[in-house]
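Just below is one structure, and these are the notes that go with it.
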Amino acid sequence: MLDTTRHLAPTLAHAALAHADLLLYLLPSALLAALLHALSRRHAFFLAWLLPGTFMHEMAHLLAAAVTNARPVSFSILPRRQGNAWILGTVGCANIRWYNGLFVGLAPMLVLALPVGVAVWRTRHGVAWEWDDAWIAALLAPQLVSWLPSSADWRLALHSWPISLAAAILLGMFFWMGGHA
């Protein structure tokens, strides 16, 4: 039986240590993001704090839809209640197909580039917190909430199951080959 975790775990640990300054810098934003996420589930008032992240999330869908010929037809970042849950935003598309569903559905993952990019910029000389970083942490928190695709986004991505299957096979081969190098 192949044990890829023994090769993967040291690699992940090494990567985490190599970027500990970035992780440390993003920690306050991540904690605030978790708090905002929890509070927004209990009180609608806190949804306003998530609007910048919702905007980025939906813009990622919109841009991916435009680039991949999914033909976006609607865009909204106004929260609305649906049952016991809140729908924070939507992008409607008229042409979701096997070749573009994955890219449109998982496009919000690109939002993570913003907090990571800011962290790289702010830690280029090491971690040295200043008062500006408190504001930056507050501005990055909604982005850290919004980069994860929703369950609807994952369902949309499944339209591209041939691409997903090919990517999973290639990824599996990559890790398998890495374990035997």
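Remind me, relative contact order of the chain in percent, using alpha carbon pairs under 8 angstrom and six or more residues apart?
With pairs under 8 Å counted, the relative contact order is 29 percent.
Give me the extension gain from R97 to L27: residue separation times 0.36 nm, minus the current Cα-Cα distance, reported in nm with one decimal.
Extra length available between R97 and L27 comes to 21.4 nm.
Highest mean first, what order results for 51-57, 67-73 on Cβ atoms within 10 Å?
51-57, 67-73
Estimate the FRET efficiency between R71 and R42 by the formula 1/(1 + (r/R0)^6), using the beta-carbon distance for r and 35 Å for R0, to the nearest 0.05.
The pair R71/R42 has a calculated efficiency of 0.40.
Is it possible to state the helix-based mean residue ellipticity at 222 nm for the chain, with each DSSP H run of 4+ residues giving -39500 (n - 2.57), the sum divided by total residues, to the nearest 500 deg cm²/dmol? What is it?
Taking each H run of at least 4 residues, the total per residue is -21000 deg cm²/dmol.
Along Cα→Cβ, 7 Å out, is where each label goes; now give me the distance between the ones at D132 and A113 in nm to one decimal.
In this crude spin-label approximation the distance works out to 2.3 nm.
Nearest 0.05, what FRET efficiency do W154 and V120 give at R0 = 25 Å with Cβ-Cβ as r?
That pair, W154 with V120, gives E of 0.35.
By how many nm would the segment from L35 to I163 lengthen if fully extended, with 0.36 nm per residue of separation less the alpha-carbon distance?
Result for the pair: 42.5 nm of gain on full extension.
Can you pull the one-decimal nm distance between simple spin-label points at L170 and N84, each 7 Å off the Cα toward Cβ?
It is 4.1 nm.
Against the 2.2 N^0.38 Å scaling, with N counting residues, where does the chain land? I'd like the Cα-based Rg ratio to two decimal places.
Output field value: 1.19.
We did not get these values from a lab; they are worked out from the coordinates using the rules stated. Predicted, not measured: the structure shown is a model, and the values here were computed from it. Reconstructed Cβ throughout: ideal geometry from the backbone, glycine too, with neighbour counts over all protein chains shown.
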